[in-house]
1. Using only the alpha carbons of the chain, determine the length spanned along each of the three principal axes and report them from longest to shortest in whole angstroms.
2. So how long is each side of segment 30-114 along the principal axes, counting just the alpha-carbon atoms, biggest first, in Å?
3. How many angstrom separate the Cα center of segment 71-129 from the Cα center of segment 29-50?
4. Tally up the carbon and sulfur contribution to the accessible surface of segment 95-152 as a whole percent, 1.4 Å probe, everything protein left in place.
5. Work out how far the C-alpha atoms of segment 1-72 reach from end to end along every principal axis, then list the three figures in whole Å, largest first.
6. Cut-off under 14 Å on the C-alpha distance; same-chain residues fewer than 8 positions from K92 excluded. Which aspartates and glutamates are left, in chain and number order?
7. To the nearest 10 square angstrom, how much accessible area does Y52 have with a 1.4 angstrom probe?
8. Filter the chain for me: DSSP H helices, axial length by Cα at least 18 angstrom, mean Kyte-Doolittle hydropathy not below -1.0. List them by residue number.
Amino acid sequence: MTGREPKLDNDVFFVCSLIEHIGRVTKNRRSDVVSAIGRDRIAHYIELADVYHCMPIEHTADDIIEKHGIAAGGFDNTAGIPRVPTVFDIGKVFKRLIISVAQDSGISAADALVEVYSSWISDKISDYGCSMFYENPQYLYLSYLEGEPLRD
């Protein structure tokens, strides 16, 4: 065992980090970013993540914002938060949940990504004023399945 993540996990991690970056730059909910990009393009970005990953994330995000016409929104989840997690910290949280959903339900990573970001849990993880994004992956997955946090 090499200790390396499977390629799909790494690709989904990159796309989730990219979605987080785009959401912060454009001040949009992550579900709105995913909706603007669309499922087919999400699948494309996952498939070619190793290529996009070679460029600075800012450059790739700017290209996607322009290509998909992602307009500025009013959702700022970083204002007033003393310690904002990095886009990669949040990318990892979403990646773990998405991979679990994909594996356990037998759907593609792209479908799982759209499903997770379109659900209630996306806004909860994106609320840096609460502790949801710090929860362990199993708790997040079971909460997602339940349709609400297992505890507040």
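The values are calculated or read from the model by the stated rules, or taken from the named source; none is laboratory data. Model, not experiment: these values are computed from the prediction. Here the Cβ positions follow ideal geometry from the backbone for every residue, glycine too, while neighbour counts run over all protein chains shown. For accessibility, only protein heavy atoms count, side chains too; no ligands or nucleic acids. Shrake-Rupley method; radii C 1.70, N 1.55, O 1.52, S 1.80 Å.
1. If we take the Cα atoms of the chain, the spans are 42, 39, 27 Å.
2. Sorted from largest, the Cα extents of segment 30-114 read 39, 29, 25 Å.
3. Rounded to whole Å, the Cα centres lie 13 Å apart.
4. 45
5. Taking max minus min along each principal axis of the Cα atoms, segment 1-72 gives 44, 22, 17 Å.
6. Counting by Cα, and skipping residues close in sequence, K92 has these aspartates and glutamates nearby: E5, D9, D11, E20, E135.
7. Surface open to solvent at Y52 totals about 50 Å².
8. 7-26, 87-105
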